[in-house]
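Engineer: Right, I'll just put the structure down here and ask away after.
The values are calculated or read from the model by the stated rules, or taken from the named source; none is laboratory data. Everything numeric in this text was worked out from a predicted model, so none of it was measured. Glycine also receives a Cβ, built like all others from the backbone with ideal geometry; neighbour counts cover every protein chain displayed. For the accessible areas, the whole protein counts, side chains as well, though only heavy atoms, and no ligand, DNA or RNA atoms are used. Shrake-Rupley method; radii C 1.70, N 1.55, O 1.52, S 1.80 Å.
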Amino acid sequence: MTTYGNARIQMEKATKLMGLSEEAFDEVLKPENVERVSFKVNMDNGSDQTFEGVRVQHHSGRGPTKGGIRFHPQVDVDEVMALATWMTWKCAVVNIPFGGGKGGVTVNPKLLSKGELERVSKGFMTAIAPVVGPDRDIPAPDVGTTAEIMAWMLDAYNAAVGGNHPGVITGKPIERGGSYGRDDATARGGFYVLNYLAKSLNLLPGASIAIQGFGNAGQHFAELCANAGYKVVAVSDTSGGIYNPKGLDVEKLLKIKQETRMIVDYEDAQKVTNEELLELEVDVLAPAALENQITRDNADKVKAKIVLELANGPTTPEADEILFKKGTVVLPDILANAGGVTVSYFEWVQNQRNERWPLERIHEQLEEKMHKAAQAVYDMGVKHKTHLRTAALMVALERVLAAGRK
Ligand code: GLU
């Protein structure tokens, strides 16, 4: 099954419960625009290389489309279509006035020099400049892209259309119109959801947490959880994972990452593979890497009580059913990782109004948004006796359908 196919199956469950017709289902699922681009970049060795990229705008009924740009060797149109669709539901779940979009370039950014990375970033933004804009479609970071890349893309957009338009992209560095609190927003949103639902989910203080993936979301989540008294017992990155049931020293781990070393360089822990990490005896498992990690092949072996999806699409629909049946609570991506786009929205509002909000205000407003969203999703799940992904999709669909297509 493709990732977009999974996005479709998830939706089918929600639309069935809502009694939506086949036509209405097809209508809300199809993307408004799939912009495929290819662009040439001058490489350090003097040769020209052509890169393929895509920007998908899924649904703009509730406002301009919004979503990150991914740089990863596995990026393809199918994946970006799924990710754009999920952005529509995500923005609706946290009730921000955006629809869903997503972009990607098929490239391994780790293999590029800094100059090449800058030229790829600018090349892609120049290619999609005609279809994005502060009131139309607003990109942001995603897997493999950073605040610095957002600044390069802003430069490319300004050069393409003239003037200065900081609201065309979010996740920028502070000095280029970025927002305080955007850097850890994805993790913080998930952390707020977990704390808010802790009582209902019987999660005790000092609960153990395993995190798959140690990029932006994984690192900040580990830090927030450790500071709040949770016990982070396992983390992994592309080099593999580490596990110590007594708890890991998160500060030390962050230092290893800052020195651009690998997680497996951490001593005083047992080595585990990325797959083994998913099956550890923990209270909370937070997949924070890529799609399709928990599948029908391993869902049965997941021992966590709660799966908090910081990644987009880490659990397949078949795995969802297996987890639901055995009582594992999945806090779905479109709720659990919506903190990132929520603070992106705050950044965009600040840009459009030429304002700068203090960090406390960002945290307060983010917390309020996440609590409201978590409550709405939880209530919907109880009402329809269904798992929280379907519940979240129902909350989102109600709002998206009420808006209709633009
Ligand atoms: N890429 C992030 C996500 O998947 C953030 C998107 C944004 O800030 O627009 O939610």
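Engineer: What lysines does residue 326 reach when the alpha-carbon gap must be under 25 Å and sequence neighbours fewer than 8 apart in one chain are set aside?
Structural biologist: 13, 16, 199, 231, 301, 303, 305, 383, 385
Engineer: Roughly how compact is the chain, stated as its Cα Rg over 2.2 N^0.38 Å to two decimals?
Structural biologist: Normalised by 2.2 N^0.38 Å, the Cα Rg of the chain equals 0.93.
Engineer: State, to one decimal in nm², a quarter of the convex hull surface area for the C-alpha atoms of the range 259-372, i.e. the direction-averaged projected area.
Structural biologist: For the range 259-372, averaging the hull's shadow over all directions gives 10.0 nm².
Engineer: Same structure again: When only Cα pairs under 8 Å and 6 or more residues apart are kept, what is the percent relative contact order across the range 348-396?
Structural biologist: 23 percent
Engineer: Moving on. For the cross-link pairs 90/325; 246/372; 40/110; 114/257, which exceed 27 Å when the distance is taken from alpha carbon to alpha carbon?
Structural biologist: Result: 246/372 exceed 27 Å.
Engineer: Relative contact order (percent) for the chain, with alpha-carbon contacts under 8 angstrom and 6 or more residues of separation?
Structural biologist: RCO, the chain: 17 percent.
Engineer: What is the distance, in nm, between label points placed 7 Å from the Cα along the Cα-to-Cβ direction at residue 155 and at residue 77?
Structural biologist: For residue 155 paired with residue 77, the spin-label model returns 3.2 nm.
Engineer: Let me ask something additional. Between residue 353 and residue 108, how many nm apart are label points set 7 Å from Cα along the C-beta direction?
Structural biologist: According to this spin-label approximation, the distance is 4.5 nm.
Engineer: Let me test this: with uniform point scatterers at the alpha carbons of the range 19-72, what is the Debye-based log₁₀ I(q)/I(0) at q = 0.13, 0.16 1/Å?
Structural biologist: Calculated log10 I(q)/I(0) at the listed q: -0.53, -0.68.
Engineer: Please state the charge dipole magnitude for the range 39-107, taken about the Cα centre, from unit charges on C-beta atoms (+1 on K and R, -1 on D and E), reported in debye and rounded to the nearest 20.
Structural biologist: In debye, rounded to 20, the range 39-107 gives about 440.
Engineer: Rounded to whole Å and sorted largest first, list the principal axis extents of the Cα atoms in the range 1-139.
Structural biologist: Largest to smallest, the principal-axis extents are 58, 34, 23 Å.
Engineer: Dipole of the range 75-181, Cα-centred, from +1 at each Lys and Arg C-beta and -1 at each Asp and Glu C-beta, to the nearest 20 debye?
Structural biologist: Dipole of the range 75-181, to the nearest 20 debye: 140 debye.
Engineer: By how many nm would the segment from residue 126 to residue 303 lengthen if fully extended, with 0.36 nm per residue of separation less the alpha-carbon distance?
Structural biologist: Contour length minus Cα-Cα distance gives 59.1 nm.
Engineer: Take peptides 340-350, 163-173, 193-203 and line them up by average Cβ neighbours within 10 Å, highest first, as a rough protection proxy.
Structural biologist: Going from most to least packed, we get 340-350, 163-173, 193-203.
Engineer: Would you mind working out the accessible area per residue for the range 60-103, using a 1.4 Å probe, and quoting it in Å²?
Structural biologist: Heavy-atom accessible area per residue stands at 18 Å².
Engineer: On to the next question. Starting from the Cα coordinates of the range 53-199, work out the convex hull volume and express it per residue in Å³.
Structural biologist: For the range 53-199, the hull spanned by Cα atoms encloses 114 Å³ per residue.
Engineer: Right, something else. Over all distinct alpha-carbon pairs, what is the Kirkwood Rh of the range 175-319 in angstrom?
Structural biologist: Result for the range 175-319 stands at 15.3 Å.
Engineer: To continue, here is another question. Membrane-span-like helices in the chain: DSSP H runs reaching 20 Å or more (Cα, own axis), mean Kyte hydropathy at least 1.0?
Structural biologist: Helices passing the filter in the chain: 388-403.
Engineer: Rounded to the nearest Å, what's the spacing between the alpha carbon centres of the range 113-191 and the range 1-77? Just the number, please.
Structural biologist: The range 113-191 and the range 1-77 have Cα centres separated by 18 Å.
Engineer: With the other protein chains left in place, how much accessible area per residue, in square angstrom, belongs to the range 142-278 at a 1.4 angstrom probe?
Structural biologist: The answer is 43 Å² per residue.
Engineer: Which of the peptides 10-18, 308-316 is most tightly packed, and how do the rest follow, judged by the mean count of other Cβ atoms within 10 Å per residue?
Structural biologist: Peptide ranking by packing, descending: 308-316, 10-18.
Engineer: A further question on this structure: Could you rank the peptides 68-80, 289-301 by their average count of other C-beta atoms within 10 Å per residue, with the highest value first?
Structural biologist: Per-residue Cβ counts within 10 Å, averaged per peptide and sorted highest first, yield 68-80, 289-301.
Engineer: Also: Using a basic spin-label model with each label point 7 Å from the Cα along Cα→Cβ, how many nm lie between residue 202 and residue 239?
Structural biologist: Output for this residue pair reads 3.9 nm.
Engineer: Here is a follow-up. Carbon and sulfur: what percent of the chain's accessible surface (1.4 Å probe)?
Structural biologist: After summing per-atom areas, the C and S share lands at 49 percent.
Engineer: Additional query: Calculate the dipole size of the chain relative to its Cα centre from +1 charges on Lys and Arg beta carbons and -1 charges on Asp and Glu beta carbons; express the result in debye to the nearest 20.
Structural biologist: 800 debye
Engineer: Something else now. Take residue 270, project a point 7 Å from its Cα along the Cβ direction, then tell me which residues of the range 210-237 have their backbone nitrogen under 11 Å from it.
Structural biologist: Of the residues in the range 210-237, none has backbone N under 11 Å from the label point off residue 270.
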